[in-house]
């Protein structure tokens, strides 16, 4: 539909951020003037405690205004990506952000040229500086990994070059590869692409999904040496930078910002490895329901439950989500309900609107939600998911000053996934429709399979190839493919035929260029399952403890903030709680199917 056809109550009201173009321009001009004036602080910051405080305080004042400007132009652009005026505003703010980055370059180096004992004296001379104590302590963690000014400048000048491997990979994968054609279910010739592969690999026609699988990986095999070159180049760059910055390993460098150590990573892999029997049980169930003599890798994405055709109109879905989350308490629900009824959500797909869904916003705006709602169960689940993000942002922002009013990517998916689980559990409890229950259980089983087991397999592969790189073992195409194939045999077990084409799948996965990122999907879902279990079982103070986590912001590191919710990711029991929920879901599905 055209955006003008949508009722205003289902659209963002961005005048809540800036009432008019004039208000936007005034805020933009204020930020521009402050940035221009900020250069004087390079000397002021070095003078005394007062100058040091004024510099840091002004730094965050400017950052706060820029956040609001950027969020506004991003939201505006996403409502109509074809509108050139919207795009121009977004570019205008991006250019200002670039100017700010250059103007504020001296702040961190000036901090790190001091010893922390000098900062402690500053706290006595200028007590207001204590408002930034946690940030300053975090900055000083990097002192031993910071190079000289000349070395930092040299390394910074290489930034564009160091991104080339990923850019080349993306261009090759998304633009240059041609996979050829296959015959669809109606024996019509269709071109296979990265986009439509997911459709054909889920086909009910086994011939179609086998052809799609073999055709796709045949093409990846043809270019596998180039993919190996881009991935090994990316890995060796990261390993070199980690070594230059005096980290013991690349993984230590990548986990350092969140104050994590490798034990969290190892704990996840070890716990999942010790519970492979649950995944094997899932694949045995799939093989049985699909009535196959052999389960191949091109069979594993085939749905075992037909698409549930029930529609969930937005207003009905909104009420269902609120009922499902009512267990989180009156203040949570009243805030969320008020938000959902006061333009937090841009609900329906419209011409040139950005696709997908997300939760966004800044410290000084509402925690806005973008949807493209089409009345399916997944759309209702997305509403619950994004509401989790938005309520996490809401609690964080009202409970902390600006400098601590955010949270780490490591915990970002916890609140959203907790909501997804609470919604699914509510519907399983209240629905009297057997097929709806089977459909939801199937969704949950896929969530556990894809988010815990598959992402942990990716994490284990990434760990192994980085270890090899740091031992100067060449990451050739054959070496990478062999490592990946052996991991697939481990994760699929003897009950699944591990087709040889899967050895090239690593070339399809962009996350291997994200530097020890994927494991967070698995730890996030594990934490969410543990929290949901505590809440649903009525564990004493579970809800209040969870809200303490939501309110924590960045005052604590991610591991310590999760401990507020009773989640200790250094222990196996957290990951095990998710795997146990997976096992219970399989058993519940089997019971319903047998009936």
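For residue 226, indicate whether it is part of a helix (DSSP H, G or I), within 20 Å of residue 467 (Cβ to Cβ) and modelled with pLDDT of 95 or more.
No; evaluated as a whole, the condition is false for this residue.
Between residues in region 113-128 that are under 24 Å from residue 145 (Cα atoms) and residues that are surrounded by 11 or more Cβ atoms within 10 Å (Cβ to Cβ) and at pLDDT 95 or above, which pairs lie under 7 Å by C-beta distance while being six or more apart or on different chains?
Going by the 7 Å Cβ cut-off, the qualifying pairs are 116/140; 119/136; 122/49; 122/52; 122/129.
Can you spot a residue in region 17-32 that is assigned to a loop (DSSP other than H, G, I, E, B), modelled with pLDDT of 95 or more and surrounded by 13 or more Cβ atoms within 10 Å (Cβ to Cβ)?
Yes, some residue in region 17-32 is assigned to a loop (DSSP other than H, G, I, E, B), modelled with pLDDT of 95 or more and surrounded by 13 or more Cβ atoms within 10 Å (Cβ to Cβ).
Select from region 360-408 the residues that are more than 21 Å from the chain's Cα centre (by Cα), farther than 20 Å from residue 313 by Cα and buried (at least 18 other Cβ atoms within 10 Å of the Cβ) and list them in ascending order.
Selection gives 365, 400, 403.
Take the conditions closer than 23 Å to residue 535 by Cβ and either buried (at least 18 other Cβ atoms within 10 Å of the Cβ) or modelled with pLDDT of 95 or more (or both) and apply them to residue 357. Does it pass?
When the stated conditions are applied, residue 357 does not pass them.
Within region 56-73, is there a residue that is farther than 24 Å from residue 359 by Cβ, in contact (Cβ under 8 Å) with a residue 60 or more places away in the chain and out of contact with any strand residue (DSSP E or B) (no Cβ under 6 Å at 6 or more places or on another chain)?
Scanning region 56-73 turns up at least one residue that is farther than 24 Å from residue 359 by Cβ, in contact (Cβ under 8 Å) with a residue 60 or more places away in the chain and out of contact with any strand residue (DSSP E or B) (no Cβ under 6 Å at 6 or more places or on another chain).
Within region 468-526, which residues are in a loop (DSSP other than H, G, I, E, B) and either under 27 Å from residue 211 (Cβ atoms) or within 27 Å of the chain's Cα centre (by Cα) (or both)?
Answer for region 468-526, where residues must be in a loop (DSSP other than H, G, I, E, B) and either under 27 Å from residue 211 (Cβ atoms) or within 27 Å of the chain's Cα centre (by Cα) (or both): 493, 494, 495, 496, 498, 499, 509, 514, 515, 516, 517, 518.
Among the residues in region 181-190, are any touching a helix residue (DSSP H, G or I) at 6+ places or on another chain (Cβ under 9 Å) and under 30 Å from residue 257 (Cα atoms)?
The answer is no, given that none of the residues of region 181-190 is touching a helix residue (DSSP H, G or I) at 6+ places or on another chain (Cβ under 9 Å) and under 30 Å from residue 257 (Cα atoms).
Among (1) under 20 Å from residue 444 (Cβ atoms); (2) in contact (Cβ under 8 Å) with a residue 24 or more places away in the chain, there is one condition residue 254 misses while meeting the rest; what is its number?
Among (1) under 20 Å from residue 444 (Cβ atoms); (2) in contact (Cβ under 8 Å) with a residue 24 or more places away in the chain, residue 254 violates only (1).
Across region 547-564, what is the total count of residues that are more than 20 Å from the chain's Cα centre (by Cα) and either within 23 Å of residue 367 (Cα to Cα) or outside any helix (DSSP H, G or I) (or both)?
4
Where in region 147-211 are there helices (runs of 4 or more DSSP H), lying wholly inside it, with at least 2 residues that are within 20 Å of residue 232 (Cα to Cα) and either more than 24 Å from the chain's Cα centre (by Cα) or free of Cβ contacts under 8 Å to residues at least 40 places away in the same chain (or both)?
The helices (runs of 4 or more DSSP H) meeting that bar are 159-162, 164-171.
Go through region 124-145 residue by residue and tally those that are farther than 26 Å from residue 558 by Cβ and either part of a helix (DSSP H, G or I) or modelled with pLDDT under 95 (or both).
Residues that pass the stated criteria total 4.
Only residues that are more than 16 Å from residue 363 (Cα to Cα) and surrounded by 17 or more Cβ atoms within 10 Å (Cβ to Cβ): list them for region 75-95, please.
Hits for region 75-95 are 76, 77, 78, 79, 80, 86, 89, 90, 93.
Pull out all pairs, ordered by first then second residue, where Cβ-Cβ is under 9 Å, the residues are six or more apart or on different chains, the first lies in region 516-537 and is within 21 Å of residue 262 (Cβ to Cβ), and the second is not in a helix (DSSP H, G or I).
Taking only residues 6 or more apart or on different chains, the pairs are 518/509; 523/569; 526/567; 526/569; 527/565; 527/567; 527/569.
Restricting attention to region 100-107, does a residue exist that is modelled with pLDDT under 95, surrounded by 11 or more Cβ atoms within 10 Å (Cβ to Cβ) and more than 30 Å from residue 24 (Cα to Cα)?
No - not one qualifying residue is present in region 100-107.
Can you find a residue in region 277-287 that is more than 26 Å from residue 209 (Cα to Cα) and either in contact with a helix residue (DSSP H, G or I) (Cβ under 7 Å, 6 or more places away or on another chain) or at pLDDT 95 or above (or both)?
Yes, that holds for at least one residue.
If a residue must be touching a helix residue (DSSP H, G or I) at 6+ places or on another chain (Cβ under 8 Å) and exposed (fewer than 15 other Cβ atoms within 10 Å of the Cβ), how many such residues does region 574-594 contain?
Number satisfying all stated conditions: 1.
From 531, 535, which residue is closer than 27 Å to residue 439 by Cβ, modelled with pLDDT of 95 or more, over 19 Å from the mean Cα position of the chain (by Cα) and surrounded by 17 or more Cβ atoms within 10 Å (Cβ to Cβ)?
Only one candidate passes the filter, namely 535.
Hey, among 72, 41, 60, which residue is surrounded by 20 or more Cβ atoms within 10 Å (Cβ to Cβ) and within 26 Å of the chain's Cα centre (by Cα)?
72
Looking at region 187-239, which of its residues are closer than 23 Å to residue 307 by Cβ and buried (at least 17 other Cβ atoms within 10 Å of the Cβ)?
Hits for region 187-239 are 192, 197, 200, 201, 203, 208, 209, 210, 211, 212, 213.
Do we have any residue at all in region 494-513 that's closer than 23 Å to residue 575 by Cα and surrounded by fewer than 20 Cβ atoms within 10 Å (Cβ to Cβ)?
Taking every residue of region 494-513 in turn, at least one turns out to be closer than 23 Å to residue 575 by Cα and surrounded by fewer than 20 Cβ atoms within 10 Å (Cβ to Cβ).
The values are calculated or read from the model by the stated rules, or taken from the named source; none is laboratory data. Note that the structure is a prediction, hence the values are computed from the model and not measured. Here the Cβ is made from the backbone with ideal geometry for all residues, glycine too, and neighbour counts use every protein chain on show.
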